[in-house]
Amino acid sequence: MGKFLYQKAREEIISLIQDGDIKPSEKIMPERELSELLGYNRMTIKKAINSLVAEGVLIKKRGAGTFLLGTDNSNKFDIGDEAPISLSQGIKVKGMISSSFVESFKIIYDTPELMTIFGDYFEFFELIRVREADSEAVSIQKAYFPFRLFKDAHRYDFSQFSLYDYMEYKNKRPIKFKKRFFARRVEKNMNLEKIGARAGEYVLCIEYLGYTEQNELVEYTQSFFDSNKVNLAIEIPR
């Protein structure tokens, strides 16, 4: 199913924020001007703005207009299924520079935990990436995928090339996910110092399994977050 027009307009407004055309604490242009700039009718723009206000990206001030929230409203980024925007978008919305780099990329063998998860494989790529906001680490992501399914992955620079774009090129992009959120106790060999996590402490972890349309498991990832820099936004079933 395609996106509603207001959702597309919402994404284009977020792009304006990311590109610096709308700055933190700055008043956004009137709906009429946004309508002319983006090519949507005013009702669609109004609905997109109201959506961003409801999600805490914009704020309406009576008699003054609508503003992008400033960086002093919160020093944390929203993550999780109920977060209104992605982590990278959230970083940019706060007027900060979002960046990531590959810390390591290698093949690992005979890892019991991974062999239990994947079942039929014993060789895996381990891709470790660090996400930063203004050069300060916010999260460390450790992704694992079977060597046998992605034998040429070592030819790609995943600091410049999306892992999911590569998986799509191999016709094995995950589109269905099983996720869980939990506090993970840090062990000595986990190497999470960049997010300020020491052995014995706890960090927020999002763990997920990624499946193709044919229900083939192709990815296992753990993302670890500096709990001082993120808010977890999830819906709790009643």
- Going through the stretch 1-30 in order, the residues found to be touching a Ser or Thr at 6+ places or on another chain (Cβ under 9 Å), part of a helix (DSSP H, G or I) and either among the hydrophobic types (A, V, I, L, M, F, W, C) or open to solvent by less than 70 Å² (accessible area, probe 1.4 Å) (or both) are 5, 6, 7, 9, 10, 18
- Message: For the stretch 47-65, check the following and say yes or no: at least one residue is more than 15 Å from the chain's Cα centre (by Cα), crowded, with 19+ Cβ neighbours inside 10 Å and of a type in the set (Gly, Ala, Ser).
- Response: yes
- Message: So the check is Cβ under 7 Å with 6+ separation or different chains; which pairs have a first residue in the stretch 37-52 that's closer than 17 Å to residue 65 by Cα and a second one that's of a type outside the set (Ser, Thr, Tyr) and open to solvent by 80 Å² or more (accessible area, probe 1.4 Å)?
- Response: 42/32
- For the stretch 5-32, pairs from a residue that is basic (Lys, Arg) to a residue that is surrounded by 13 or more Cβ atoms within 10 Å (Cβ to Cβ) and part of a helix (DSSP H, G or I), with Cβ under 6 Å and 6 or more apart or across chains, are 10/48; 10/51
- Out of the stretch 187-234, which residues are modelled with pLDDT of 95 or more and in contact with an Asp or Glu (Cβ under 6 Å, 6 or more places away or on another chain)? 210, 222
- Item | Extreme residue, nearest to residue 159 (Cα to Cα), among residues of the stretch 103-128 that are aromatic (Phe, Trp, Tyr) and surrounded by fewer than 18 Cβ atoms within 10 Å (Cβ to Cβ) | 105
- Out of 177, 124, which single residue is in a strand (DSSP E or B), more than 19 Å from the chain's Cα centre (by Cα) and either modelled with pLDDT under 95 or not hydroxyl-bearing (Ser, Thr, Tyr) (or both)? 124
- Message: Tell me whether the stretch 129-136 contains one or more residues that are open to solvent by 80 Å² or more (accessible area, probe 1.4 Å), over 17 Å from the mean Cα position of the chain (by Cα) and either more than 19 Å from residue 91 (Cβ to Cβ) or in contact (Cβ under 8 Å) with a residue 24 or more places away in the chain (or both).
- Response: no
- Considering residues of the stretch 40-90 that are of a type in the set (Ser, Thr, Tyr) and closer than 30 Å to residue 101 by Cα only, the residue modelled with the highest pLDDT: 88
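The values are calculated or read from the model by the stated rules, or taken from the named source; none is laboratory data. Keep in mind it's a predicted model, so treat the numbers as computed, not measured. Neighbour counts are summed over all protein chains in view; Cβ atoms, including those assigned to glycine, are modelled from backbone coordinates with ideal geometry. Ligands, DNA and RNA are excluded from the accessible area calculation, which covers all protein heavy atoms including side chains. Shrake-Rupley method; radii C 1.70, N 1.55, O 1.52, S 1.80 Å.
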